[in-house]
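Visitor: Sharing a structure with you now.
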Amino acid sequence: MSIAVALSFFWLFFTNMRQQIIRIVVLFFLGTGIFPTAFAQDYWGQHSIKSPEHFIFGYGSLISSKSRNASVATPIPAIPVRVSSNLGYIRTWNSRSPTEFTALGLRKPNRDEKATSINGVLYPVAGNDMASYDQREEGYVRVGIPLTDIEALSWQGLPKTGKIWVYVPAVAGNEPGVGLPGADSKFPLLQSYIDVVLEGAMEYGDDFVNELISTTKDWDPHWLNDRILPRRPWVAEKQYGKIDNYLKQVPSLQNRQMPEDYAASLAVERLQQKAN
């Protein structure tokens with residue numbers, strides 16, 4: 001037998017043995033379950049993404065995605081929700097800003113009133129850092145919302161774990177939402193703020209906007225139209241017509257004044273106060 005023939009037989013034998021060894025190894029891994037575990041694991045039921053631990057219910061300007069994301073690097077997602085009247089609050093105008101206007105807040109109902117449901121949005125706290133939120137929301141107290149007192153308003157469900165909070169205006173010595181002054185001539189309603197709130201609500205449709213307006217009490221007649229170019233609002237506020245149409249259901253809209261008219265009315269009011 002020549003050397004070439006011998007080498008050919010050896011190569012065939014080696015190749016055949018190698019294929020047999022591979023078959024045996026594969027069958028071994030398949031039989032023991034090691035092979036599929038290494039290459040095709042089943043992750044069903046496992047939570048590979050860490051869920052947020054804290055969520056905030058926003059019921060005013062924070063409904064607006066633009067407003068909510070104005071001071072953060074990463075956009076904060078939110079879902080539309082409704083808080084039950086069981087929480088015991090009414091949405092109202094009672095959050096006075098240091099820059100002298102009145103924003104939306106919550107209050108406890110008076111003796112002749114009942115608490116109402118409140119629609120808004122629910123969003124996670126970035127980095128679960130509640131301390132930074134508490135510091136930013138000076139003048140407010142963080143109140144917990146039981147999961148049984150909040151419902152989702154879209155196909156997106158509520159978080160199954162974590163704590164839900166709402167910030168309620170408070171004054172020293174009183175419980176949250178009690179003893180807070182409303183709007184007046186010095187702290188009026190501002191149309192620019194109302195625009196932000198309603199534009200945010202418009203992200204979720206007409207019904208959501210109308211519910212927000214109808215579940216907000218104490219619309220004060222001290223209402224300043226501070227829009228940029230208020231006599232030509234379409235220049236800076238593209239949605240002004242739709243917003244004003246929503247607001248027609250608010251009786252005190254008729255008291256909304258242009259800046260110069262508001263200033264004149266304020267001057268007259270102060271003269272009358274001095275005279276008395």
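A short reminder: the numbers here are calculations on the coordinates, not readings from a lab. Quick caveat, the model's predicted, so the values are computed rather than measured. Reconstructed Cβ throughout: ideal geometry from the backbone, glycine too, with neighbour counts over all protein chains shown.
Visitor: Only Cα pairs under 8 Å and at least 6 apart count here; give the relative contact order of the range 69-126 as a rounded whole percent.
Guide: Contact order relative to length: 44 percent.
Visitor: A follow-up question, please. Given N residues in the range 127-221, what is its alpha carbon radius of gyration divided by 2.2 N^0.38 Å?
Guide: 1.29
Visitor: Hey, another quick one. Taking the Cα of E151, stepping 7 Å toward and past its beta carbon, and measuring to each backbone N in the range 40-75: which are under 20 Å?
Guide: The answer is 57-59.
Visitor: Relative contact order for the range 92-225 using alpha-carbon pairs under 8 Å, separation at least 6, rounded to a whole percent?
Guide: So the answer I get is 34 percent.
Visitor: Which three numbers, in whole Å and largest first, are the semi-axes of the equivalent ellipsoid of the range 33-159 derived from its Cα gyration tensor as √(5λ)?
Guide: 36, 19, 12
Visitor: At 0.36 nm per residue, and after removing the present C-alpha to C-alpha distance, how many nm does the segment from Q273 to A126 gain when stretched out fully?
Guide: Separation in residues times 0.36 nm, less the Cα-Cα distance, equals 48.1 nm.
Visitor: Run the quick spin-label model on N255 and R111: label points 7 Å from Cα toward the beta carbon, then report their separation in nm to one decimal.
Guide: My value for the distance between the label points is 2.5 nm.
Visitor: Select from the range 110-206 those GluC sites (Glu not before Pro) which occupy a DSSP coil region and have at most 15 other Cβ atoms within 10 Å, ordered by residue number.
Guide: Numbers: sites: E113, E137, E138, E151, E199, E203; in loops: E113, E137, E138, E203.
Here the GluC sites (Glu not before Pro) that fit, given the DSSP loop and packing criteria, are E113, E137, E138, E203.
Visitor: For V171 paired with Q239, estimate the spin-label separation in nm (one decimal), with each label point 7 Å from Cα along the Cα-to-Cβ line.
Guide: Here the modelled spin labels are 3.3 nm apart.
Visitor: Give the residue list of trypsin sites (Lys or Arg not before Pro) in the range 157-248 that are DSSP loop and have at most 14 other beta-carbon atoms within 10 angstrom.
Guide: Counting only loop positions with at most 14 other Cβ atoms within 10 Å, the trypsin sites (Lys or Arg not before Pro) in the range 157-248 are K160, K186, R231, K238, K248.
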